[in-house]
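The values are calculated or read from the model by the stated rules, or taken from the named source; none is laboratory data. As the structure is a prediction and not an experimental result, all values here were calculated from the model. For neighbour counting, all protein chains shown are included, and Cβ atoms are generated from backbone atoms with ideal geometry for every residue, glycine included. Ligands, DNA and RNA are excluded from the accessible area calculation, which covers all protein heavy atoms including side chains. Shrake-Rupley method; radii C 1.70, N 1.55, O 1.52, S 1.80 Å.
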Amino acid sequence: MTDVGLVGFGRWGKLIFRDLHSLGVPVHVAVPGSDSRKAALEAGAASVCESVADLPDCTGYVVAPPTVHHAACIDALASRNRPIFCEKPLTNDARAAQQLADTLQERLFVMDKWRYHPGILKLAELAKSGELGQIEAVRTCRLGWGNPHKDVDSLWILIPHDLSIALEILGTLPKACSAISQIPGMGGEDMIARLQNDGEMLTVTMEISSLHPSPTRSVVVIGSKAVAQLASSYDDRILLAPRDNSRKPQQIEVGTKMPLLAELETFVAHLNGGPAPKSSAAEGALIVRRIAELRALAGLP
């Protein structure tokens, strides 16, 4: 029987457990806090333990502790030679991320849930089909309030989403070109960043902030023929508008399947011999490297 070892049972780990449990997968949970272990048992965990080393031999593992512990947890599981699905970002250290990618290669994947969002998948389909014409720009806006994570600043949590969206739509990530922290002294809470390769017109522009009480999420793909937009995280449709204004924006329904469930379904299917999940270890390491480069351009540690 396919079973999964889950490292972490916090705010996000509980949601991962919920969806794995809904798929009928036995889940063994490793979490240090006694209250969390009790909560995991009450939720239906197959077993609980205090540390990664105490997890049983499972078909695969999901790593979802605080970001600063990702690398250590993956290292502790590496010798088991099982697939590992790690919550994004892979780490908050570019060198460590690359080492993990080099060591585990095709056994390590990153949980970039936006690469499973039906609206993003439709934007990627339109971009690759040529219906939008030559892709000139991808614009993302991710504005919200506060950071529930105590181990890293909000940029480490937010930027991976937008970089993975750009990767899904374009199939690659341009170079880190510029980045500014809009509010001096606020640290890693606010940034406008741009990716662009030398000599190319295509740009990726991201506005990211945890200083907006009213949340905003938007992804726009600008092509030479048309523009497509996902206007909100939970929209069940995208907007498609011709550049020449020859007709009103068209609404294209995309569905409402939740990305977290979709990516966990893919991982469980992979454990049973199916295709690998999106965001390979190499792509996860690339995203961490771009974040480090953008932070350096913005003067952030």
(message) Quick check on the stretch 120-142: of everything there that is of a type in the set (Gly, Ala, Ser) and assigned to a loop (DSSP other than H, G, I, E, B), which residue is surrounded by the most Cβ atoms within 10 Å (Cβ to Cβ)?
(response) Gly133
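Residue by residue, here is whether (1) aliphatic (A, V, I, L, M); (2) open to solvent by 10 Å² or more (accessible area, probe 1.4 Å); (3) under 18 Å from Cys86 (Cα atoms); (4) in contact with a Cys (Cβ under 6 Å, 6 or more places away or on another chain) holds:
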position: Leu15; (1), (2), (3), (4): yes, yes, yes, no
position: Leu20; (1), (2), (3), (4): yes, no, yes, no
position: Ser34; (1), (2), (3), (4): no, yes, no, no
position: Glu50; (1), (2), (3), (4): no, yes, no, no
position: Thr59; (1), (2), (3), (4): no, yes, yes, no
position: His69; (1), (2), (3), (4): no, yes, yes, no
position: Cys73; (1), (2), (3), (4): no, yes, yes, no
(message) For the stretch 238-257, give me the residue count where each residue is in contact with a helix residue (DSSP H, G or I) (Cβ under 8 Å, 6 or more places away or on another chain) and open to solvent by 60 Å² or more (accessible area, probe 1.4 Å).
(response) 2
(request) Scan (1) buried (at least 24 other Cβ atoms within 10 Å of the Cβ); (2) farther than 28 Å from Thr2 by Cβ for the single condition Gln98 breaks and write down its number. (result) (1)
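Would you pick out the residues in the stretch 1-13 that are in a helix (DSSP H, G or I) and open to solvent by less than 30 Å² (accessible area, probe 1.4 Å)? If you could, list the steps in order and put the result at the bottom.
Applying the first criterion (in a helix (DSSP H, G or I)) to the stretch 1-13 yields 11-13.
Correct list: Gly13 only.
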(request) Could you please find all residues in the stretch 216-237 being open to solvent by less than 70 Å² (accessible area, probe 1.4 Å), within 22 Å of Leu158 (Cβ to Cβ) and among the hydroxyl-bearing types (Ser, Thr, Tyr)? (result) Thr216, Ser218, Ser232, Ser233
(request) Considering (1) surrounded by 20 or more Cβ atoms within 10 Å (Cβ to Cβ); (2) at pLDDT 95 or above; (3) not in a strand (DSSP E or B), say which one Phe109 fails and leave the rest. (result) (3)
(message) Quick check on this structure: which one of Leu104, Leu90 is touching a Gly at 6+ places or on another chain (Cβ under 8 Å), open to solvent by less than 10 Å² (accessible area, probe 1.4 Å) and under 24 Å from Val62 (Cα atoms)?
(response) Leu90
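Looking at this structure, is Pro160 surrounded by fewer than 15 Cβ atoms within 10 Å (Cβ to Cβ), in contact (Cβ under 8 Å) with a residue 24 or more places away in the chain and within 18 Å of the chain's Cα centre (by Cα)?
No.
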(request) For residues that are open to solvent by 30 Å² or more (accessible area, probe 1.4 Å) and at pLDDT 95 or above, scanning just the stretch 181-198, find the one that is nearest to Glu293 (Cα to Cα). (result) Arg194
